[in-house]
Amino acid sequence: MLPANFLWGASLSAHQTEGAATEDGKSQSVQDVRQRNPKIADFSVAADHYHRYAEDINLLAKAGIKALRISIPWTRIIPDGLGAVNPLAIKHYHHVFNEMHNQGIEPMVTTYHFDLPQVLQEQGGWIKQSTVTAYEKYVKVLFKEFGSEVKYWLTINEPNVMLLADRKILGFSYTHQERYQAFYNLMIAEKKAFQACHQLCPQAQIGPVPNISYVYPGSAKPQDIRAAEYFNAIRNWAYLDFSVRGIINPIFQNYLHQTGIDLKIKAEDEELVQQNFPDFLGMNYYTSVTVEYPKAGQNRTSGVSDQQSEDVYEKGFYKGLTNPYLSKNDFNWTVDPLGLQTTLEVVNDRYHLPIYITENGLGAYDELTADYQVHDDYRINYLSAHLQSIQQAVDAGVPVQGYLPWSAIDLVSVHEGMKKRYGLIYVDRTEQDLKTLARYPKDSYFWYQQVIKNNGVNKDAKTV
Ligand code: BG6
């Protein structure tokens, strides 16, 4: 049984929904300038949420949603990255939060969702300590301005996936050395956000928001078990161990050492790292990952990407493979609801903090019928199966306190455009044609409305 005050919500990010890419003083982020396939939608209009936020919030409130996760773009608040605060942006988000509160919706705000100001990227981005200083200044502005309106803050969206799938998400690749320099800076930036949030808005709570997927070994071969241990440490525990335990995960540290990097917490950062911790964990989950020890002759370029686990590879450590026991979605991602229960139980065992599922959802080709309906049974099946898994984890003692599926409305996928739809609400546009941008609730929206009313899914509900 889910707790009576379970936080039923939905999630969005700014650059994938807002559009208005050059309005009200916004500068360019790395997302606005990265090279994209010209055949797929860019972020300039996206779902036009910047102009239609009131309509979207209204529709979500009608579904009974109690929390909406959005992100605020740094490029709107401090357009040149480090200097003056933009009053138009401050005013805009006061309006957004006001609208949410009027509709009985609690905002959950991510300070940063893959959208570094391009001007800071040009100065080195996350590999530079100066970006940490700029981020600290930026989040202090958020906490001072919005601290009385926002109870739930999330720091940096999926730093793990951002670093591992850098080319797909950011449009450029880090060298191995740079990736772990950026890791350290991102983790220190996050600690500074915990500290500033607790100082400036003591009534609010803050948590990290990595993408956590338990990594399975491809077989019981001892080498495959070690491959999974390594990838679990590199992909999952390195991030949460730093945030929650204030340590560099030892398996991760040993992996770095073997690849020529000695990573230690710097003496001047010790106090910050050891004294600032999250109040809860935000956790994004789409599927599990399966790896084996790379066989001789499997010489691929080192490279990691996520969700499609066959893409991950590092010579001498791990190689991703498709788990033959799992089905796949339209976009070749495996589907593993039971993996969510396993992941939650392991995360709880390691960290003992309240957990909010801040993303979980199905990217699929949806079709709007002539009478403006979307019959997305496949999405209902996916969400229903994952919710059942969450309920089982809660029954097994895991303190999951909220579910905010991805995504509230259709949005532009990170690298697969508009055709890969995630929303509970359909947005009428295609990759190239902006059409009406009108909103139409899908079958999954009405299903979710019922789930919220019943505070959970019925065990006999359909599953994938
Ligand atoms: C998560 C991101 O990694 O996955 C979202 O936080 C993203 O921003 C989601 O949209 C789904 O990935 P994709 O590539 O299908 O958009």
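The values are calculated or read from the model by the stated rules, or taken from the named source; none is laboratory data. All values derive from a computational prediction rather than experimental measurement. Because the Cβ atoms are built from the backbone with ideal geometry, glycine has one as well, and the counts that use them run over all protein chains shown.
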Subject >> Residue under evaluation THR322, criteria (1) in contact with a Ser or Thr (Cβ under 8 Å, 6 or more places away or on another chain); (2) at pLDDT 95 or above, criterion not met >> reply: (2)
**OP:** Six or more apart or on different chains, Cβ under 9 Å: which pairs go from a residue in the range 320-333 that's touching a residue at least 12 places away in the same chain (Cβ under 8 Å) and among the hydroxyl-bearing types (Ser, Thr, Tyr) to one that's assigned to a loop (DSSP other than H, G, I, E, B) and surrounded by fewer than 14 Cβ atoms within 10 Å (Cβ to Cβ)? Could you list them?
**Re:** THR322/ASN332
**OP:** Filter the range 197-222 for residues that are part of a helix (DSSP H, G or I) and touching a strand residue (DSSP E or B) at 6+ places or on another chain (Cβ under 9 Å) and give the result.
**Re:** CYS197, HIS198
Original post:
Which of the residues that make up the range 314-337 are of a type outside the set (Phe, Trp, Tyr), part of a loop (DSSP other than H, G, I, E, B) and touching a Phe, Trp or Tyr at 6+ places or on another chain (Cβ under 9 Å)?
Top reply: GLY316, ASN323, ASN329, ASP330, ASP336
Original post:
All but one of (1) among the charged types (D, E, K, R); (2) without any contact (Cβ under 8 Å) to a residue 60 or more places away in the chain; (3) within 30 Å of ASN458 (Cα to Cα) hold for ASP56; which doesn't?
Top reply: (2)
Original post:
If only one of VAL139, VAL132 is buried (at least 23 other Cβ atoms within 10 Å of the Cβ), among the β-branched types (Val, Ile, Thr), more than 16 Å from the ligand (Cβ to nearest atom) and in contact (Cβ under 8 Å) with a residue 12 or more places away in the chain, which one is it?
Top reply: VAL139
Original post:
Considering PRO441, PRO399, which residue is away from the ligand (no atom under 14 Å from the Cβ) and buried (at least 17 other Cβ atoms within 10 Å of the Cβ)?
Top reply: PRO441
**OP:** Report yes if LEU154 is touching a residue at least 60 places away in the same chain (Cβ under 8 Å), within 20 Å of GLN118 (Cα to Cα), in contact with a strand residue (DSSP E or B) (Cβ under 7 Å, 6 or more places away or on another chain) and not hydroxyl-bearing (Ser, Thr, Tyr), otherwise no.
**Re:** no
Subject >> Selected residue (criterion: nearest to GLU55 (Cα to Cα)) from residues of the range 381-429 that are touching a residue at least 60 places away in the same chain (Cβ under 8 Å) and among the polar types (S, T, N, Q) >> reply: SER407
Subject >> Every residue from the range 164-199 that is within 16 Å of the ligand (Cβ to nearest atom) and at pLDDT 95 or above >> reply: LEU186, GLU190
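Results for (1) within 21 Å of ASP336 (Cα to Cα); (2) within 16 Å of the ligand (Cβ to nearest atom); (3) at pLDDT 95 or above; (4) within 20 Å of the chain's Cα centre (by Cα), shown as yes or no for each residue.
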| position | (1), (2), (3), (4) |
| --- | --- |
| SER219 | yes, no, yes, no |
| ARG226 | no, no, yes, no |
| PHE242 | no, no, yes, yes |
| GLU268 | no, no, yes, no |
| SER288 | yes, yes, yes, yes |
